[in-house]
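Structure first, commentary second.
The values are calculated or read from the model by the stated rules, or taken from the named source; none is laboratory data. Quick caveat: nothing in here was measured; it's all calculated off a predicted structure. With ideal geometry, Cβ positions are generated from the backbone for all residues, glycine too; neighbour counts draw on all protein chains shown.
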Amino acid sequence: MPTQVLARKWRPRSFAELTGQDHVVRALTNALEQKRLHHAYLFTGTRGIGKTTIARILAKALNCQTGITSTPCGICSACTEIDSGRFVDLIEMDAASNTQVDKMRELLENALYAPTSARYKIYIIDEVHMLSKSAFNAMLKTLEEPPEHVKFVLATTDPQKIPVTVLSRCLQFNLKQIPLPLIAAHLKHVLEQEKISCDATSLQLLARSAQGSMRDALSILDQAIAFGEGRIEEAGVRDMLGAIDQGYLYDLLDALSQKDGVKILAVADAMETRSLSFDAALQDLATLLHRLALAQIVPVAIGEDTPERERIFTLAKTFTPEDIQLFYQIVIHGRSDLAQAPDEYAGFTMTLMRLLAFMPEGMPKTTGPKHDKEIKQPLSSISKITEASEISETRKTTEVSSTAETVKEAKTAETTETTETTTVRPESTVSLFGSDWMVVANQLKLSGMAKELAQNCEIKNVSPNEIEFCVPETHKQLLQKTYQDRMQTAVREHLGKPVRLKFSVGISTGKSPAELENREKQQKQLQAITAIETDPFVRELVENFDAKLIVSSIKPIQ
């Protein structure tokens, strides 16, 4: 007798066995225990996350011979027949194969008759969004006035295609993609029961490849067992999935930290020789950079069982947090540009060259925080590193004016620096501008890139005839002489005096007009979200009807 596939063998048969859908299980369990039953349920979500499985468990809960219950016995004739697909009063229909109105009318005519032996006649319609408009219209009348003995359970991957008139007559539950840790844990449990050994890295690879679908995860696990002839090993899993050996990615970042372009290309050539997917390589590289960012800022997020944990923390200490953020953006944009490149190799190596081109000069080697017990406040540690870098960094100063008169002013300023130049304070800025820099920057007669330069500057020092600005590393491309000249002209016109502007590249402290405005917008957005979430009417909808708040749709009132 052939072995039953894992996706069917380990299909949940009760609410307790379901993984990752606790919000749906809780709502259905409470409804069953309180006997608050609806005539039509709609389950939505991507493939393989439990829509049809929950529908069958619900059918057992409604028809179990012990009575309507959230914990069907699983041994009575109704439960066993539903599990085996032989229950006469459970009618399953695939709407993708039966879109015509005639099929729907036939089904609805049979719904008028009482169940043969069960308490309720259950209709499970999968991929219901595939029904024709006429079929939906035929269903609508029955949904409006259903017989007491009929329950409809609809399932779909695309609820937007279902008419609003149908949606409004169903109790809708949105099933979530199952998180990777839960998939990995379930696969581990299955393998333990099947008495098959598997290492943690292989489990992570299999769980990640499932992309939130438990059914896909079990099918891939079946494939891995067959591929490895009953054994699951990392090398075999990588070969089967076409996954990228993480060693290549670590070697790329090591070479990047050393600014070794020859080594970077050598790694890329080795990957091409093995015919590895460069799209998958960029995807995995972005994932690795995300882990490095976590290791720097939230070290506890990197679990003890994370593969290559020590190497992750070693690399995290090699780059600054700003570098990691920049690299991540370059990699994800490089992946989206891959289809436009002459070929995948050219697109991949161009992304690597871009990473190399944006490496900062004189990059510090130990700026990232450690991951041991010394770090108790990761964010404050980053702040201290930033302050230290500001004090010790040798900033590259770009002079704006080159006239003889300006040179003379510069020499005078240098000889009197100790008495005239002071660190900027709020009151000194106000006395110079008549307002703060954010207000002034928005009032300057500037446009285009010159305005961008003003918006991304921070005042560092002020003296009677000179203002020194600092521009963060990420915006140093704005320090072109043309933009500086325009900004100096606008500032002179605003102040009515011939002040000189100096610019340097440094680490941002978050006080530029652009950053202050962005922070203000984020604060307003958080306040708007909080106001909606705490609204009594909204809370009642969420708690009683399992409503879901779409945060992205909330916009603050300007």
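In the set (1) without any contact (Cβ under 8 Å) to a residue 24 or more places away in the chain; (2) out of contact with any strand residue (DSSP E or B) (no Cβ under 8 Å at 6 or more places or on another chain), the condition left unmet by residue 110 is number (2). The numbered conditions (1) surrounded by 17 or more Cβ atoms within 10 Å (Cβ to Cβ); (2) within 28 Å of the chain's Cα centre (by Cα) are all true for residue 211 except (1). Scanning segment 127-157 for residues that are over 15 Å from residue 91 (Cβ atoms), outside any helix (DSSP H, G or I) and in contact (Cβ under 8 Å) with a residue 60 or more places away in the chain yields 156, 157. Can you find a residue that is surrounded by 14 or more Cβ atoms within 10 Å (Cβ to Cβ), within 30 Å of residue 477 (Cα to Cα) and touching a residue at least 40 places away in the same chain (Cβ under 8 Å) anywhere in segment 537-549? Taking every residue of segment 537-549 in turn, none turns out to be surrounded by 14 or more Cβ atoms within 10 Å (Cβ to Cβ), within 30 Å of residue 477 (Cα to Cα) and touching a residue at least 40 places away in the same chain (Cβ under 8 Å).
Examine segment 303-311 for a residue that is among the basic types (Lys, Arg) and surrounded by fewer than 17 Cβ atoms within 10 Å (Cβ to Cβ), and state whether such a residue exists.
Step one: list which residues in segment 303-311 are among the basic types (Lys, Arg), which gives 309, 311.
Checking the rest, the ones that are also surrounded by fewer than 17 Cβ atoms within 10 Å (Cβ to Cβ) come to 309, 311.
Yes.
Where in segment 454-549 are there helices (runs of 4 or more DSSP H), lying fully within it, with 1 or more residues that are closer than 30 Å to residue 173 by Cβ and among the aliphatic types (A, V, I, L, M)? Even if it seems obvious, please write down each step before you answer.
Details: elements: 481-495, 513-533, 536-545.
Passing ranges, in order: 513-533, 536-545.
Let me confirm something: among 48, 74, 20, which residue is surrounded by 21 or more Cβ atoms within 10 Å (Cβ to Cβ) and assigned by TED's automatic domain parsing to the domain that holds residue 140?
Just one listed residue meets the conditions, 48.
Going by what's in this entry, would residue 198 be described as buried (at least 20 other Cβ atoms within 10 Å of the Cβ) and without any contact (Cβ under 8 Å) to a residue 60 or more places away in the chain? Yes; evaluated as a whole, the condition is true for this residue. Screening residue 319 on (1) part of a helix (DSSP H, G or I); (2) of a type outside the set (Asp, Glu); (3) surrounded by 15 or more Cβ atoms within 10 Å (Cβ to Cβ); (4) in contact (Cβ under 8 Å) with a residue 60 or more places away in the chain shows it passes everything except condition (1).
Please determine whether any residue of segment 222-232 is of a type outside the set (A, V, I, L, M), assigned to a helix (DSSP H, G or I), surrounded by 19 or more Cβ atoms within 10 Å (Cβ to Cβ) and in contact (Cβ under 8 Å) with a residue 12 or more places away in the chain.
Our first condition is that a residue be of a type outside the set (A, V, I, L, M); within segment 222-232, this holds for 222-223, 227-231.
Add one more test, that the residue is assigned to a helix (DSSP H, G or I), and what stays is 222-223, 227.
Checking which are surrounded by 19 or more Cβ atoms within 10 Å (Cβ to Cβ) leaves us with none.
Taking every residue of segment 222-232 in turn, none turns out to be of a type outside the set (A, V, I, L, M), assigned to a helix (DSSP H, G or I), surrounded by 19 or more Cβ atoms within 10 Å (Cβ to Cβ) and in contact (Cβ under 8 Å) with a residue 12 or more places away in the chain.
For segment 133-156, the condition holds for no residue, the condition being that it is in contact with a Ser or Thr (Cβ under 9 Å, 6 or more places away or on another chain), surrounded by fewer than 18 Cβ atoms within 10 Å (Cβ to Cβ) and either more than 16 Å from residue 40 (Cα to Cα) or not assigned by TED's automatic domain parsing to the domain that holds residue 32 (or both).
What number of residues in segment 183-207 are outside any helix (DSSP H, G or I) and touching a Gly at 6+ places or on another chain (Cβ under 8 Å)?
We begin by selecting, within segment 183-207, every residue outside any helix (DSSP H, G or I); these are 195-199.
Restricting the remaining residues to those that are touching a Gly at 6+ places or on another chain (Cβ under 8 Å) gives 196.
Of the residues in segment 183-207, 1 are outside any helix (DSSP H, G or I) and touching a Gly at 6+ places or on another chain (Cβ under 8 Å).
On the basis of being in a loop (DSSP other than H, G, I, E, B), on the phi > 0 side of the Ramachandran plot and of a type outside the set (Gly, Ala, Ser), does residue 304 make the cut? Here the answer is no, as residue 304 does not meet what is asked.
Being modelled with pLDDT under 85, closer than 17 Å to residue 289 by Cβ and surrounded by fewer than 17 Cβ atoms within 10 Å (Cβ to Cβ) is the requirement here; does residue 242 meet it?
Numbers: modelled with pLDDT under 85: yes; closer than 17 Å to residue 289 by Cβ: no; surrounded by fewer than 17 Cβ atoms within 10 Å (Cβ to Cβ): yes.
Against the criterion (modelled with pLDDT under 85, closer than 17 Å to residue 289 by Cβ and surrounded by fewer than 17 Cβ atoms within 10 Å (Cβ to Cβ)), residue 242 does not qualify.
Put simply, of 439, 462, 491 the only residue that is surrounded by 15 or more Cβ atoms within 10 Å (Cβ to Cβ) and modelled with pLDDT under 85 is 462. From the list 178, 196, 183, the one residue that fits, being closer than 25 Å to residue 59 by Cα and among the aliphatic types (A, V, I, L, M), is 178.
Before we move on, is residue 74 touching a Leu at 6+ places or on another chain (Cβ under 9 Å), over 30 Å from residue 141 (Cβ atoms) and either modelled with pLDDT under 90 or of a type outside the set (Gly, Ala, Ser) (or both)?
Details: touching a Leu at 6+ places or on another chain (Cβ under 9 Å): no; over 30 Å from residue 141 (Cβ atoms): yes; either modelled with pLDDT under 90 or of a type outside the set (Gly, Ala, Ser) (or both): yes.
Judged against the criteria, residue 74 is not a match.
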